[in-house]
Ligand SMILES: *Cc1c(COP(=O)(O)O)cnc(C)c1O
């Protein structure tokens, strides 16, 4: 009576994939590393490490202005990376892709560059109860400055948005809806297309989507979704830290003021008046993160080569398999039981503190995350202080799940 479906996909060879990630052979506390903290950041394949190394070794130069060979080559590679992101998100134009440091900076960019001009006293910003602090605090800062109000879509106990309540919040006062596509704390995949459809029907509001988790697990088509903004972070998609992308609809970005002032974002500067550069440069002041930007493409190419659907299939298998195994542990409760979910499992065990579980798993070489996962309002709503979170990437295996469940049982014996 196995409720878990067998692995059907024979194209996917996880052992071969693992060889592409050098870090996976590390030994931690004398145990082979089992890395299950992928929702916090993913590990990097060799192609990404090589891209970084070879950039600094062979072509380091500032982009967009040099008159020499390496400047031209770096500019081309950096712009090719932008094009790869355009394809990854199925955006219409490459100039709709702005390089940022990640989702956090993308939210701050929109909240400031758009919000400062377009929000007024009495306007409303809609968020959800499961937002990451990154998609709450920048809106609070701008709301406070402009006298706008934040409205929150409530969730059910299983971690799903209550859509009837969302509909009730929509009005002519709604100016922007900023919502997470997939929750980092619960795994819930939100019905983004429906959220946007309702927003268009009832309001003139813009829609900002936090794709930090969805970017790596789901096929993203910003044109089909018809969102105004979509943000994701490179480091959660096997790319380096410090680089991410913000998609914005061209007509929306065109009307926005710049976020940061400086070099590269201008057309002409005088002390009387400065005119701004065209998209996307208007939003990219100063020397950008060139090396990580170029390596971003190596990561996306790697993912595309294996195939997002193939990866998702493998991750979903791990999700089902682990959920099934974990539920056999007495007193363990999974937090976030929505369908569909990305491969994130948060859980609590009665009578045990999550940080004790994390510490004991760590001594056995297993990396998980414990705490509030930057979602304190969500934890408060669910009446818990925090959870232990396991999150899978393409290189995780059923054998790792077995080892983790065993280690967890051993830990609980010591704690209970
Ligand atoms: C990780 C994460 C963020 C923040 O991303 P950064 O890369 O830290 O800027 C925002 N939202 C969600 C859902 C996340 O998982």
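Against the definition (free of Cβ contacts under 8 Å to residues at least 24 places away in the same chain and under 17 Å from residue 132 (Cα atoms)), how does residue 370 come out, yes or no?
In short, yes.
Just the residues that are more than 16 Å from the ligand (Cβ to nearest atom) and either in a helix (DSSP H, G or I) or buried (at least 23 other Cβ atoms within 10 Å of the Cβ) (or both), please, taken from region 358-380.
358, 359, 360, 361, 362, 363, 366, 380
Checking residue 106 against (1) farther than 20 Å from residue 242 by Cα; (2) within 16 Å of the ligand (Cβ to nearest atom), which single condition isn't satisfied?
(1)
For residue 71, which of the numbered conditions (1) more than 16 Å from the ligand (Cβ to nearest atom); (2) in contact (Cβ under 8 Å) with a residue 12 or more places away in the chain; (3) surrounded by 14 or more Cβ atoms within 10 Å (Cβ to Cβ); (4) over 14 Å from residue 302 (Cβ atoms) fails to hold?
(2)
Only one residue in 407, 385 is buried (at least 16 other Cβ atoms within 10 Å of the Cβ), touching a strand residue (DSSP E or B) at 6+ places or on another chain (Cβ under 9 Å) and assigned by TED's automatic domain parsing to the domain that holds residue 28. Which one?
407
Can you name the residue in region 237-274 that is in contact with a helix residue (DSSP H, G or I) (Cβ under 8 Å, 6 or more places away or on another chain) and assigned to a strand (DSSP E or B) and is also surrounded by the most Cβ atoms within 10 Å (Cβ to Cβ) among such residues?
Taking the candidates together, the pick is 245.
Which count do you get for residues in region 208-223 that are more than 10 Å from the ligand (Cβ to nearest atom), surrounded by fewer than 24 Cβ atoms within 10 Å (Cβ to Cβ) and either assigned to a helix (DSSP H, G or I) or without any contact (Cβ under 8 Å) to a residue 60 or more places away in the chain (or both)?
2
Can you find a residue in region 331-345 that is part of a helix (DSSP H, G or I) and on the phi < 0 side of the Ramachandran plot?
Scanning region 331-345 turns up no residue that is part of a helix (DSSP H, G or I) and on the phi < 0 side of the Ramachandran plot.
Is at least one residue of region 301-314 more than 30 Å from residue 90 (Cβ to Cβ) and surrounded by 15 or more Cβ atoms within 10 Å (Cβ to Cβ)?
No, because not a single residue in region 301-314 is more than 30 Å from residue 90 (Cβ to Cβ) and surrounded by 15 or more Cβ atoms within 10 Å (Cβ to Cβ).
List every residue pair whose Cβ atoms lie under 6 Å apart, where the two residues are 6 or more positions apart in sequence or sit on different chains, the first residue falls within region 99-122 and is not assigned by TED's automatic domain parsing to the domain that holds residue 279, and the second residue, located anywhere, is part of a helix (DSSP H, G or I).
From residues that are not assigned by TED's automatic domain parsing to the domain that holds residue 279, there are no pairs.
How many residues, within region 226-236, are in contact with a strand residue (DSSP E or B) (Cβ under 7 Å, 6 or more places away or on another chain) and not in a strand (DSSP E or B)?
Residues meeting the conditions: 3.
Please indicate, with yes or no, whether at least one residue in region 43-55 is farther than 26 Å from residue 229 by Cα, over 25 Å from the mean Cα position of the chain (by Cα) and surrounded by 16 or more Cβ atoms within 10 Å (Cβ to Cβ).
Yes - at least one qualifying residue is present in region 43-55.
The values are calculated or read from the model by the stated rules, or taken from the named source; none is laboratory data. Values in this document were obtained by computation on a predicted structure and should not be read as measured data. Note that we place each Cβ from the backbone using ideal geometry, even for glycine, and neighbour counts take in every protein chain shown.
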